[in-house]
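First comes the structure, then the notes that go with it.
The values are calculated or read from the model by the stated rules, or taken from the named source; none is laboratory data. Remember, it's a predicted structure, so these values are computed and weren't measured experimentally. In this analysis, Cβ positions are derived from the backbone assuming ideal geometry, glycine residues included, and neighbour counts consider all displayed protein chains. Note: accessible area is taken over every heavy atom of the protein model, side chains too, but ligands, DNA and RNA are not part of it. Shrake-Rupley method; radii C 1.70, N 1.55, O 1.52, S 1.80 Å.
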Amino acid sequence: MKDLTHINHQGRAKMVDVSEKPITVRTARACSSIRMSEKVRQAIETQSVKKGDVLAVAQVAGIMAAKNTPQIIPMCHPIALKGIDILFHWDEEEPVLYIESFVKTKGETGVEMEALTAVTAAALTVYDMCKALDKSMVIGETYLKEKTGGKSGDYHRS
């Protein structure tokens, strides 16, 4: 088991020691989506959802989630994040909201989990704020779109 980085000599989980890794600029971009009825889309666009401005709240939820990733993902390191952005755009033909996050730091470890957590929390927030209108919403695939920096280099989803 000594080849597994997250397992100690007793075979139990551990947080990896990143203290010897070089400090570099690292970024990550992640995506998710939420499919809904046309009724819900219209309510979001016209800001007539009773709980408030859905996209504004989802944006803040995504930012907060990125900042708190180590609180919910056990082996994530607390990272001093340098920038977080959440973007939304609608599908042109169907009532699908696409969510994209961009997270940046300068440190010893990457921010992929923070970017993924951000879009997930934003999608869950949209669901939470709109579930009174329609409980059949579906949160779609969540994935890493790209990452830069670190030992493994850059990754760009094709």
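Listed options for Rg/Rh (Cα atoms, Kirkwood Rh) are (1) 1.02; (2) 0.96; (3) 1.06. The value calculated from this structure is the one marked (3).
The fraction of accessible area contributed by carbon and sulfur in the range 1-112 is 53 percent, rounded to a whole number (1.4 Å probe; ligands and nucleic acids excluded). At full extension, Ser48 and Asp85 could sit 10.9 nm farther apart than now, given 0.36 nm per residue minus the alpha carbon distance. Its DSSP H runs of at least 4 residues, each contributing -39,500 (n - 2.57), put the calculated 222 nm mean residue ellipticity of the chain at -8500 deg cm²/dmol, to the nearest 500. Angle of helix 112-130 to the longest C-alpha principal axis of the chain, folded into 0 to 90 degrees and rounded to 10: 20°.
Taking all protein chains into account, the per residue accessible area for the range 1-135 stands at 58 Å² (1.4 Å probe). Peptide packing: for 137-145, 10-18, 37-45, 99-107, the average count of neighbouring Cβ atoms within 10 Å per residue gives the ranking 99-107, 37-45, 137-145, 10-18, highest mean first. Pairs of lysines in the range 37-158 whose Cα atoms sit within less than 17 Å of one another amount to 19, provided the residues are eight or more positions apart or on different chains. For the chain, the residue among Tyr143, Ile72, Thr117 whose Cα projects farthest onto the positive side of the dipole built from Cβ charges is Ile72. Angle of helix 54-67 to the longest C-alpha principal axis of the chain, folded into 0 to 90 degrees and rounded to 10: 10°.
Extension gain for the segment Asn68 to Lys14, taken as residue separation times 0.36 nm less the Cα-Cα distance, is 17.5 nm to one decimal. The charge dipole of the range 41-158, taken about its Cα centre with unit charges on the Cβ of Lys, Arg, Asp and Glu (plus for the first two, minus for the last two), comes to roughly 500 debye.
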